[in-house]
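Visitor: Structure provided below as structure tokens; questions to follow.
The values are calculated or read from the model by the stated rules, or taken from the named source; none is laboratory data. Just so it is clear, the structure is predicted and the values come from calculations on it, not from any experiment. For neighbour counting, all protein chains shown are included, and Cβ atoms are generated from backbone atoms with ideal geometry for every residue, glycine included. The area values use the complete protein model at the heavy-atom level, side chains included, leaving out ligands, DNA and RNA. Shrake-Rupley method; radii C 1.70, N 1.55, O 1.52, S 1.80 Å.
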Amino acid sequence: MARTKKKRWSYSTGERGENRVRAFEHSYGILKLEFYDGGKRTRISLGHRDREKAKQQADEAAAALTRSEIPVPDEPKDLTLGELFDIYGEEVTPQKGEYSRKHDQRAITLFKRFFGEKRNVATLSLRDWNRFIQDRGAGRIKSAGKGTLPAVGNRMIEQDLRFIMAVFNWATMADDGRGGVLLERNPFKGYSLPKEKNPLRVVLEEKEYRELLRVSGEVDWRFRVALILAHETGHRIGAIRKLQWSDIDLERGLIRWRAENEKTGYEHYTPVTGPVQEALDYARAKNPGIGETPVMPAPKNPSKAMSRHLARNWWKKAEKLAGLEPRRGRGWHSLRRKFASDLMHQPLKVLCELGGWKDPQTILTCYQHPDQDQLREALKDRRRASNQD
């Protein structure tokens, strides 16, 4: 069934052919007036999104036309941070995947609280940039409650600042409804992002995976299935736990990874391996279902997928059962790094398709970590090649 286009708000006043004026909502939510001056259609922006105020201005414009005057609206006010985030949240955020939508909402709340919703975007400066970095890193930003947000490292601060930079860059290209753009320039353009000096990127070892697999059945059947899928496909646990039976095509031996469940928003298909087939058969025996039914449902609500909190808690439980010493950074994502490192010999294009990466550079900088055995084998290959010459 074709999707019907949502009708935007409008309000008309005056007599048609004489002093007719229409107030309507532009694509970015900014309100405009439309009227005819000497037979020529004219549109002017009101520079705001207040519908009641727009009605009043339309009535005033109709009265002005009756007096043979040209309606002139008030000069638009400076763009505030709250207004910009509201527009971005309505026009851009809904087009993103679930993970990115939640990040946008969190970041918007954070920046509104820190800089203030009424702050003029154009007045932001290097001092504001540095103050955010310092306060975010020191845990001095107020939370929604009475306390403050926890201190975070440079990696999280970098993610926050990349978001607001993306919003400002978008605003420099987005139509403001007056023939211009929402923002003339990005006030943060050219500022240096904080970098994590030694980012913690743990790669799960093969022996650790074997130990977790050994005790996985004692934790929960869903944990065992998720563990195997994470190891064999290299995908994020967020995408794995949201798999539906309709995503599994056993006839063609393929798994569909939906765009809305991928951080990159990239829908793709990957082959089903032998261990994955066994895991899916195991899941089918435990949880028979077809169509839009979770492969790994929540224990108390079979219509929903198991939660990320449950996946995290089961991982910790499995580590204890396996007798693994606690290690910061060893979690579901360490399996994704293991996948990329195990397939280091494969072309990057192939690896991107298998793991759902969009940028090969991300694999090289963040995911592939050669171990000592791989380094020794590379040197052996070099010696063998030299001896053959």
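Visitor: Restricted to Cα positions, what overall size does segment 23-150 have along the principal axes? Three whole-Å values, descending.
Guide: 62, 32, 26
Visitor: Next up: Nearest 10 degrees is fine. How inclined is helix 126-138 to the longest principal axis of the chain, computing both from alpha carbons?
Guide: So the helix axis and the longest Cα principal axis differ by about 40 degrees.
Visitor: Students often get this wrong, so try it: which of (i) 41, 22, 20; (ii) 35, 26, 21; (iii) 52, 26, 21 is semi-axes √(5λ) of the Cα gyration tensor in Å as calculated from the structure shown?
Guide: (iii)
Visitor: Students often forget the sequence filter, so: which aspartates and glutamates lie under 14 Å Cα-Cα from K300 once same-chain residues fewer than 8 apart are removed?
Guide: Qualifying aspartates and glutamates at Cα under 14 Å: D220.
Visitor: Let me ask something additional. Going Cα to Cα from K142, which aspartates and glutamates come in below 15 Å? Please leave out same-chain ones fewer than 8 positions away.
Guide: Straight-distance partners of K142: E117.
Visitor: Follow-up question, since we're still on this one. Place a point 7 Å from the Cα of L321 along the Cα-to-Cβ direction; which residues of segment 203-246 have their backbone N under 11 Å from it?
Guide: Residues 212-225 qualify, since their backbone N sits under 11 Å from the label point.
Visitor: For M296, M165, M156, write out the residues from largest to smallest accessible area, computed with a 1.4 angstrom probe and no ligands counted.
Guide: Putting M296, M165, M156 in descending order of accessible area: M156, M165, M296.
Visitor: Take the alpha carbon gyration tensor of segment 29-72, find the square roots of its eigenvalues, order them as a ≥ b ≥ c, and report rounded if a/c is under 1.5; if not, report prolate when a/b exceeds b/c, else oblate.
Guide: Oblate is the answer for segment 29-72, as a/c is 1.5 or above yet b/c matches or exceeds a/b.
Visitor: Residue farthest toward the positive end of the dipole of segment 81-198, with Cβ of Lys/Arg at +1 and Asp/Glu at -1: which of M156, G137, G97?
Guide: Checked the options; the winner is G137.
Visitor: When the Kirkwood radius is taken over all Cα pairs of segment 82-195, what Stokes-Einstein diffusion coefficient follows at 10 °C and 1.306 mPa s, in µm²/s?
Guide: Here the translational diffusion coefficient equals 107 µm²/s.
Visitor: Under a 1.4 Å probe, what is the accessible area of segment 64-176 per residue, stated in Å²?
Guide: It amounts to 56 Å² per residue over segment 64-176.
Visitor: Also, I was wondering about something else. Where only protein heavy atoms count, and the probe is 1.4 Å, what is the accessible area per residue for segment 235-389 in Å²?
Guide: On a per-residue basis, segment 235-389 sits at 58 Å².
Visitor: Starting from the Cα gyration tensor of segment 278-354, take the square roots of the eigenvalues, sort them a ≥ b ≥ c, and report rounded, prolate or oblate (rounded when a/c is under 1.5, otherwise prolate if a/b is larger than b/c, else oblate).
Guide: It comes out oblate by the Cα gyration axes.
Visitor: Rank these by accessible area, largest first, 1.4 Å probe: R383, R8.
Guide: R383, R8
Visitor: Can you compute the equivalent ellipsoid semi-axes for segment 201-257, i.e. the square root of 5 times each eigenvalue of the Cα gyration tensor, sorted largest first and rounded to whole Å?
Guide: 22, 14, 11
Visitor: Please compute the length gained on full extension between L149 and D59, using 0.36 nm multiplied by the number of residues separating them and subtracting their Cα-Cα distance.
Guide: 27.7 nm
Visitor: Ranked highest first by the average count of other Cβ atoms within 10 Å around their residues, in what order do 224-230, 367-373, 306-312 fall?
Guide: Averaged packing, sorted descending, gives the order 224-230, 306-312, 367-373.
Visitor: Now, a different point. Past the 21 Å Cα-Cα mark, which pairs from K189/K358; K242/K286; K242/K263; K102/K304?
Guide: Result: K189/K358 exceed 21 Å.
Visitor: How far is helix 274-286 tilted off the main Cα axis of the chain, in degrees rounded to 10, range 0 to 90?
Guide: 70
Visitor: Could you work out the local net charge near W221, counting Lys and Arg as +1, Asp and Glu as -1, over the other residues with Cβ closer than 13 Å to its Cβ?
Guide: It works out to a net charge of 0.
Visitor: Next up: Out of the total accessible area of segment 283-388 (probe 1.4 Å, heavy atoms of protein only), what percent is carbon and sulfur?
Guide: Here it works out to 53 percent.
Visitor: For the chain, what does -39500 (n - 2.57) per DSSP helix run (n ≥ 4), summed and divided by total residues, give at 222 nm, in deg cm²/dmol to the nearest 500?
Guide: Helix-only estimate at 222 nm: -14000 deg cm²/dmol.
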